[in-house]
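Student: My questions will all concern the structure given below.
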Amino acid sequence: MAVLRKLLTVLADALGDKSCFLCGAGLSGAYLREGICPGCLQKLAEEAALPCPLCGHPASGCLCGHTNLSPLHIFLDGRTWLAHTWYLPNGADRLTEKLLLTCKKKYSRTLSRHIARVMAEELSRILPPEKRKGWILTYAPRSSVGYARHGFDQCEEIVRIMGSLLEIPVQKLLVRVNGGIQKDMESAARREDNMADAFAALSVPYGCRILLFDDIITTGATMREAGQVLANAGAAAIFPVAYAKTMYTRRTPQL
Ligand SMILES: [Zn+2]
Ligand SMILES: [Zn+2]
């Protein structure tokens, strides 16, 4: 059933109309391949560049709020985790949220490619080609409920493309063990992460170094739990990477 659903989603994607996934504007030229119009690309870039209310850095430079995302503090370019842009739960401008929601609900190789390319650019800065040996790219899998409903895992799609762009091997190293509860994005920022996100490790090569991808970091509980499971299974390094992190404000409790 899941295979059939996946086939249908891939087919629908291939036959889909060629307008901007985020605003519906017609696309032409290079933007057809991107799936996003120039105006929306500009807005996404502006959201990523917004200053953190606590440290003043853009998302890719901010480390506020999540000091302990991985049980193994591995430093790459002086940092222990990376996110590309902001998720603004209460912001007026929600294009990043729209992009992430679209990716979760609608299979789109075009949007996965967009996110993968952006992430590959970020990672290239902190992990240059000569330092990539021994690293494996993996992801925090979506719940089995979410997978059954949608027929695909957006993080898996993104990571496969990231791997080919960065020439880093991709391996599925985690599974959900309790089915998981599909978190909806609206409540993501408000909810306390609970232990509904339980992972188990598949065969983890002993002593490997892992880039662990998730689409969004909210409280960090998912990354922490997945990282702990990978560390227990024998990984020597775990470096969390996300497309977006929830923007912390002075009212948001720090973890
Ligand atoms: Zn657009
Ligand atoms: Zn900050």
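Student: Return the inverse of the average 1/r over all pairs of distinct C-alpha atoms in the stretch 79-150, which is the Kirkwood hydrodynamic radius, in Å to one decimal.
Tutor: With all distinct Cα pairs of the stretch 79-150 included, I get 14.6 Å.
Student: Provide the packing ranking of 143-153, 47-57, 226-236, i.e. peptides ordered by the mean count of other C-beta atoms within 10 Å per residue, highest first.
Tutor: 226-236, 143-153, 47-57
Student: Now for a different question. Can you give the FRET efficiency for residue 42 and residue 3, using 1/(1 + (r/R0)^6), R0 = 35 Å, r = Cβ-Cβ distance, to the nearest 0.05?
Tutor: After rounding, the FRET efficiency stands at 0.35.
Student: Quote the FRET efficiency, to the nearest 0.05, computed for residue 130 versus residue 54 with a Förster distance R0 of 41 Å and r equal to the Cβ-Cβ distance.
Tutor: Approximately 0.75, to the nearest 0.05.
Student: Let's test the formula: R0 of 41 Å, r as the Cβ-Cβ distance of residue 68 and residue 11. What FRET efficiency results, to the nearest 0.05?
Tutor: 0.45
Student: Let me ask another. Give the value in nm², to one decimal: projected area of the alpha carbon convex hull of the stretch 2-251, averaged over all directions.
Tutor: Over all viewing directions, the stretch 2-251 projects a mean Cα-hull area of 13.0 nm².
Student: Would you mind calculating the relative contact order of the stretch 2-251 from Cα pairs under 8 angstrom and at least 6 residues apart, reporting the percent as a whole number?
Tutor: Relative contact order here is 24 percent.
All of the numbers you see were taken from the coordinates with simple rules; none came from a lab. All figures in this text were calculated on a predicted structure; none of them were measured in a lab. Reconstructed Cβ throughout: ideal geometry from the backbone, glycine too, with neighbour counts over all protein chains shown.
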